[in-house]
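The values are calculated or read from the model by the stated rules, or taken from the named source; none is laboratory data. On a predicted model such as this, the values are computed, not experimentally measured, just so you know. Please note: Cβ atoms are built from the backbone with ideal geometry, for glycine as well, and neighbour counts cover all protein chains shown. Remember, those area values only see protein heavy atoms, side chains included, never the ligands or the DNA or RNA. Shrake-Rupley method; radii C 1.70, N 1.55, O 1.52, S 1.80 Å.
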Amino acid sequence: MKNQVTNREGNDAIARDYAEQLKFTLCDDRYTVRPHDKYVALALAVRDRLVNRWLATQRSHYDQNVKRVYYLSLEFLIGRSLGNNIINLQLEDELNKGLAELGMTWEDVREEELDAGLGNGGLGRLAACFMDSLATLDLPAFGYGLRYDYGIFRQTFKNGYQVEQPDEWLRFGCPWEIIHADISVRVNFGGRVTEIDGKKKWIETDQILGIPHDMPVVGYGGKTVNTLRLWSAKATDDFNFDEFNSGDYVSAVGNKVGAENLTKVLYPNDCFYLGKELRLKQQYFFVCCALHDIMRRFKKSKLPFKDLPNFAAVQLNDTHPSIAVAELMRMLVDEEGLNWDEAWAITVPTLGYTNHTLMPEALEKWPVPMFEKLLPRHLEIIYEINAKFLQVVNQRYPGDTGRIQRLSLIEEGDTKQIRMANLAIVGSHSVNGVAALHTQLLKERVVPDFAEMFPERFNNKTNGVTQRRFLLKANPALAKLITGKIGDKWITDLSELKKLTKFADDKAFQKQFMEVKQQAKKDFARWAEELYGFKINTNSIFDAQIKRLHEYKRQLLNALHIVVLYNRVRKGEDVAPRTFLFSAKAAPGYFVAKLIIKLINNIAAIVNGDAKVSSKLNVFFVPNYRVSSAERIVPASDVSEQISTAGTEASGTGNMKFMMNGALTVGTLDGANVEMLEEVGKENFFLFGLTAEEVKELRERGYRPQDYYEKNNEIREAIDLIFSGHFNINEPGIFEPIREMLFEKGDFYLHLADLGSYIDAQKKIEETYKDPAKWAKMAIMNVACSGKFSSDRTITEYAKDIWNVKPCKIDAGWLSEDPLEEFKPQKKQS
């Protein structure tokens, strides 16, 4: 019996492939098969259907000698792959018909897939959306990152506190990945630099192998399948036999353990020196592997090195990969023998840099002594880049020592620091922000000297999200309703949603729309009860804030308002039933953020446990925030909390996901909220708070949070209740650091300054919700006006303005279905 069918057409073929994978690959029968085995077998059956397209994509790119995008990111928050691949391959109907024969659907096994632990927040999810759009738009691309054995952590709660546990997403392996050990890369650390025959040599280094693991990235329709290449670390010598024989069993595998720690975990706690060192090693490791892989591919073209910028567009996703500037120079000068000026003329047009933050602490800096220890040759190169750059600065601005200090790649001090953002700006031909306001503030406040020095390099590319995952996959009922009204072109052109505008006042469509929302709320409530025991009132307003826990994102502001509502309910005031949903992880070393989680959980315990209150008000913190849980929360939500202090959020992408699923935004004029407001109009957005300019002016005048506390009775009562111990009766004083942050330490993120305006906006939400027709119209308008916020639009702009990359049509002639024919000897052409 053959163990793979050759013809993969028809409904029964995929069911047969699934059954054969269970039997012949996993060695299961009806008595031994486990739920996870069913997932793996189905994943392998789906993977078989994309492999030909994957190979055809690579061959077409190679034959046409295309310019490729190489997207370097320390995170790719891809979530689960099974459902996304089935939808993008348009296999869903075929699959369900075929599996019905076996009495199952693919939905039955999707919960068995663990979210890939390859990212933490918006940075990684954006990278994943971009990869989806690149493939859908038929743009040749590779993503490069790290294959972490463990994600950032699996979050649980104990007595309200966040507890971090290992995120073992790979404990059962990953059926999507293909390992290519034959193209591994040797990465050097440590050692010293010497000069031999007038050339710099980096010698006596410690080496670690980078092993590539490829995952397919399927574009919608399955024409293009690009590659996400993730690198894992492996020792060059796994096992020292002499040490083992001598009885030193631990040392015998010491090199292996030390090397593989490099890709063991995403974002090690960098509160300690060793954590910082490990992060720097991670960053260099994946950049080195990526650039060597790019160069290996480029050399096959036989083109001169000066043509590299015409062959490769390397995009640095934030400062994490910015060591690429020095590494590419090292490769071109030390390994390929180019002179400095030739190498620099290649490096700058090859690299582009995306900035993702306005927070000074997020602009990475590395201590010079650490760099000298780990990457001594790169330190020399950075010093050389800096010296040549500052010569140009001095010629242009003679005697301006302040400007020279600000522009320098080296920050002076007791311990000199290398400014990685400065390195990225100097070494790239393009520097982009990720929202119009962010780009403006980046140029005006964060790096104004660079913006003046290189005005032509700075540009904006407002972020987007892929509608295929966050609408088509996450909200199939809404997707079906939309397609029934305007057709399915929106799946690849989100601007088509504008056609829904004419249905915003249609009572029948409003009814259908709100029925879909209500069903999503019921589905979420059922899921949350099964997993976490939550009892959720599906007839309440679902008010969600799901994002990384940080002070500037102001989950604390949300909590303060909840206590205001709690006080109102206890006084007998009429309050619209509201369910507040939180989900967020705090960095392990971020004490205040973790304490805010504790406060929210304590508030939840008191509110939900009070029978007089819980009929009107509930608070739930969904643990272990991840892509798959976002796919449940977003479709169910009525209100989207986008409440960061104006001038702090670069863009945000959660705001876009909620918008295209019909949630109404309560938000500040921050990040992409500004552009969302422009698209949807003020009448369909609950705006509050200070603007970025007003925030700046208030701080300059001298902000006194005590003033806002004293002049507003509701604010004062809420704050007094929190710090009276009402929510921590058996844990006196635990929230004192939050009180100090709000008062003694000056409330840097202006919670109290914006709280009054926030309370007023929330009151408007209640009033609007009581008018179902008005709410439905606003929700429909948000969906209709979300077209700008597709990652397809963003990637189209990158491709045109920064990368100069064109779509590549995949040659269908490469889609051979018969493996036997594939591997027969090819006849020589006469």
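Things worth noting here:
- Probe 1.4 Å, protein heavy atoms only - accessible area per residue of the chain in square angstrom: 40 Å²
- Dipole magnitude for segment 470-572: computed about the Cα centre from +1 point charges on Lys and Arg Cβ and -1 point charges on Asp and Glu Cβ, it is near 300 debye.
- Shape summary: segment 95-206 maps onto an equivalent ellipsoid whose semi-axes, from the alpha-carbon gyration tensor, are 40, 24, 16 Å in decreasing order.
- Evaluating 6.51 cos²θ - 1.76 cosθ + 1.60 at θ = phi - 60° for every residue in segment 376-387, the Karplus couplings come out as x, 5, 5, 4, 4, 5, 5, 4, 5, 4, 5, 4 Hz, glycine and proline recorded as x.
- Couplings for segment 472-479, taken from phi via the Karplus curve 6.51 cos²θ - 1.76 cosθ + 1.60 with θ = phi - 60°, read 4, 7, 6, 9, x, 5, 5, 4 Hz in order; Gly and Pro are left as x.
- Judged by the mean number of other Cβ atoms found within 10 Å, the most tightly packed of the peptides 662-674, 31-43 leads the ranking 662-674, 31-43.
- Over all directions, the projected convex hull of the C-alpha atoms in segment 592-682 averages 7.2 nm² in area.
- Listed residue pairs exceeding 25 Å between alpha carbons, taken from Lys517/Lys598; Lys264/Lys806; Lys547/Lys777; Lys517/Lys547: Lys517/Lys598; Lys264/Lys806; Lys547/Lys777
- Rg/Rg_ref, segment 669-737, where Rg_ref = 2.2 N^0.38 Å and atoms are Cα: 1.58
- Pairs exceeding 23 Å between alpha-carbon atoms, taken from Lys443/Lys696; Lys473/Lys522; Lys473/Lys788; Lys535/Lys616; Lys67/Lys824: Lys67/Lys824.
- Each 10 Å bin from zero up to the one holding the largest Cα-Cα distance in segment 441-492 carries the following percent of pairs: 21, 28, 12, 20, 18, 1.
- Net charge of the neighbourhood of Ser724, taken over other residues with C-beta under 15 Å away and scored Lys/Arg +1, Asp/Glu -1, is -1.
- Above 18 Å, the calculated P(r) of segment 568-637 contains 48 percent of its Cα-Cα pairs.
- Farthest toward the positive end of the dipole of segment 329-415, out of Thr357, Ile346, Met329, is the Cα of Thr357, where the dipole comes from beta carbon charges about the Cα centre.
- Using a probe of 1.4 Å on the protein chains alone, the accessible area found for Cys174 is around 20 Å².
- Net charge over other residues, Cβ less than 10 angstrom from the Cβ of Arg469 (K, R count +1; D, E count -1): +3
- Candidates per GluC sites (Glu not before Pro) in segment 383-471, loop by DSSP, up to 12 other Cβ within 10 Å: Glu412
- Here segment 377-418 and segment 333-364 have alpha carbon centers that stand 15 Å from each other.
- Aspartates and glutamates with Cα under 14 Å of Lys711, excluding same-chain neighbours fewer than 8 positions away: Asp720, Asp754
- Protection proxy ranking, peptides 368-377, 420-429, 97-106, average beta carbon neighbours within 10 Å, highest first: 420-429, 368-377, 97-106
- Derived scalar couplings ³J(HN,Hα) [segment 75-90; Karplus, 6.51 cos²θ - 1.76 cosθ + 1.60; whole Hz; x for Gly, Pro]: 9, 9, 8, 7, x, 9, 9, 4, x, 5, 5, 4, 5, 5, 7, 6
- Three-way shape call for segment 515-672 based on the alpha-carbon gyration tensor, with the a/c threshold at 1.5: rounded
- Normalising by residue count, segment 157-243 has a Cα convex hull of 292 Å³ per residue.
- Protein-only accessible surface at a 1.4 angstrom probe places the residues Tyr62, Tyr383 in the order Tyr62, Tyr383, largest first.
- By accessible area with a 1.4 Å probe, ligands and nucleic acids excluded, highest first: order of Asp182, Asp115, Asp543, Asp707: Asp182, Asp707, Asp115, Asp543
- The eigenvalues of the Cα gyration tensor, multiplied by 5 and square-rooted, give segment 1-123 an equivalent ellipsoid with semi-axes of 28, 20, 13 Å from largest to smallest.
- Dipole magnitude for segment 414-465: about 140 debye, using +1 per Lys or Arg Cβ and -1 per Asp or Glu Cβ, origin at the Cα centre.
- Full extension of the chain segment joining Lys763 with Arg30 gains 258.1 nm, where the gain is 0.36 nm per residue of separation less the Cα-Cα distance.
- Convex hull volume of the Cα atoms of the chain, normalised per residue: 207 Å³.
- Computed on segment 737-830, the Cα convex hull volume stands at 357 Å³ per residue.
- The residues packed around Thr347, meaning those with a beta-carbon under 15 Å from its beta-carbon, carry a net charge of -4 if Lys and Arg are +1 and Asp and Glu are -1.
- Taking every alpha-carbon pair under 8 Å whose residues sit at least 6 apart, the chain reaches a relative contact order of 14 percent.
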